[in-house]
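Asker: Let me begin by handing over the structure; questions about it come next.
The values are calculated or read from the model by the stated rules, or taken from the named source; none is laboratory data. Worth saying up front: this structure is predicted, and the values here are computed from it rather than measured. Virtual Cβ from ideal backbone geometry, glycine too; neighbours counted across all protein chains shown.
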Amino acid sequence: MDYRLLKTRLHDLVIHRNGYLMLAGASMLMNLLLMITVMLLLGREKIVMIPPRVSQTFWVNSSQVSPEYLSEMTQFLVGLRLNVTPGNAAMQHELLLRYVDSKLYGELRRQLALETERMSKEHIALAFYVSDIKVDSKRMISHVTGDLVATIGTDVQPAKRINDELHFTWNNGRLLVNAFKKLDDSGKENHV
């Protein structure tokens with residue numbers, strides 16, 4: 001065997017090995033930098049979402065929503081609850097239940113079923129006109145004030161000013177209602 005030929009081949013193999021080691025090292029370094037970048041950006045993204053009806057821009061991220069989004073969703077959900085007729089009450093209430101946290105779901109479902117039944121028996125239609133929505137996006141609470149007009153049969157009742165408070169949770173990218181409270185004129189919860 002030729003010693004020079006073996007030495008040359010060994011030298012070439014060492015050069016190739018070192019080249020591949022450098023390439024693997026650079027790849028590992030790039031992967032490490034990419035992993036650090038992803039970890040630093042995790043939770044910082046804002047997702048633009050579109051509710052059923054949009055009248056203003058808003059944003060959401062992994063742990064918060066904008067006040068505009070809470071306002072839009074409050075108006076939509078209160079509309080589902082309070083703009084109902086005997087013909088559409090069941091559908092409106094089923095749609096509302098899609099946006100309800102599991103803790104409130106059973107109780108609200110029973111309450112809505114009773115309301116639907118009463119509306120059918122007494123031929124009651126409700127129309128709610130929002131006059132003000134105030135949101136606290138840090139605590140995920142919104143206060144809505146408006147006039148509720150009830151029609152019983154063909155008799156239109158005088159408008160009644162009502163105040164509702166909605167409490168929300170942000171769960172896996174979904175805004176869910178976990179409390180729907182009626183407030184009296186002073187802003188305290190109405191237990192009637």
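Asker: Taking the condition of being outside any strand (DSSP E or B), loosely packed, with under 14 Cβ neighbours inside 10 Å and either of a type outside the set (Asp, Glu) or in contact with an Asp or Glu (Cβ under 6 Å, 6 or more places away or on another chain) (or both), how many residues in segment 114-136 meet it?
Answerer: 4
Asker: OK, next. Give all pairs with beta carbons closer than 7 Å in which a residue from segment 76-100 that is over 19 Å from Glu165 (Cα atoms) and free of Cβ contacts under 8 Å to residues at least 60 places away in the same chain meets a residue that is of a type outside the set (Val, Ile, Thr) and surrounded by fewer than 16 Cβ atoms within 10 Å (Cβ to Cβ); count only pairs at least 6 apart in sequence or on separate chains.
Answerer: Filtered contacts from segment 76-100: Pro86/Ser120; Pro86/His123.
Asker: For segment 6-52: of the residues being surrounded by fewer than 10 Cβ atoms within 10 Å (Cβ to Cβ) and either touching a strand residue (DSSP E or B) at 6+ places or on another chain (Cβ under 8 Å) or under 26 Å from Gln75 (Cα atoms) (or both), which is modelled with the highest pLDDT?
Answerer: Gly43
Asker: In segment 137-166, what residues are loosely packed, with under 12 Cβ neighbours inside 10 Å, at negative phi and of a type outside the set (Ser, Thr, Tyr)?
Answerer: Matches in segment 137-166: Lys138, Arg139, Asp155, Pro158, Lys160, Arg161.
Conditions (1) outside the structural domain of Trp170 (by TED's automatic domain parsing); (2) among the polar types (S, T, N, Q); (3) within 19 Å of Leu183 (Cα to Cα), marked per residue:
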position	(1), (2), (3)
Ala125	no, no, no
Phe128	no, no, yes
Asp132	no, no, yes
Val135	no, no, yes
His143	no, no, yes
Asp147	no, no, yes
Thr154	no, yes, no
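Asker: Answer yes if at least one residue in segment 102-110 is buried (at least 16 other Cβ atoms within 10 Å of the Cβ), assigned to a strand (DSSP E or B) and under 26 Å from the mean Cα position of the chain (by Cα), and no otherwise.
Answerer: no
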